[in-house]
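Nothing in this text is a laboratory measurement; each read-out follows from the coordinates by a stated rule. All values derive from a computational prediction rather than experimental measurement. Cβ atoms come from the backbone with ideal geometry, glycine included; neighbour counts cover every protein chain shown.
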């Protein structure tokens with residue numbers, strides 16, 4: 001079972017180092033600890049940042065804070081029944 005709070009915090013920690021506001025997913029790559037290979041895992045959910053980018057709807061760029069960006073990611077993952 002996925003711990004959504006833990007997964008959300010992993011993403012905030014990983015994306016938090018970017019220079020906000022961000023205008024595209026490419027703005028996040030330099031901040032990621034392992035670049036596009038940065039992995040987010042909880043329970044039976046495991047996905048790299050690159051995989052996330054291919055699964056998500058694209059978001060509502062620009063984002064002014066990592067929490068706003070991650071909230072949209074989490075909503076999108078839930079809408080697709082991935083978490």
What does the highest-first list of 56-63, 21-28 look like by mean Cβ count within 10 Å?
21-28, 56-63
Distribution of pairwise C-alpha distances over the chain, 5 Å bins, in %:
3, 16, 29, 30, 17, 4, 1
Got the relative contact order for the range 4-79 handy, in percent, Cα pairs under 8 Å and 6 or more residues apart?
34
Between 0 and 90°, nearest 10: helix 66-79 axis offset from the chain longest Cα axis:
40
Between residue 51 and residue 34, what is 0.36 nm times their sequence separation minus the Cα-Cα distance? Round to one decimal in nm.
4.8 nm
Ordering 72-79, 31-38 by per-residue average of other C-beta atoms within 10 angstrom, highest first, gives 72-79, 31-38
If I build a Gaussian network model for the chain, linking alpha-carbon pairs within less than 10 angstrom, which residue out of 71, 19, 44 has the largest mean-square fluctuation?
44
Length gained, residue 41-residue 80, 0.36 nm per residue minus C-alpha separation, equals 12.3 nm
Only helical DSSP H runs with n ≥ 4 go in: add -39500 (n - 2.57) per run for the chain, normalise by residue count and round the 222 nm mean residue ellipticity to 500 deg cm²/dmol.
-12000 deg cm²/dmol
Burial order of peptide ranges 45-53, 7-15 (average beta-carbon count within 10 Å, highest first):
7-15, 45-53
Using only Cα atoms, find the angle between the long axis of helix 4-15 and the longest principal axis of the chain, and express it within 0 to 90 degrees, rounded to the nearest 10.
30
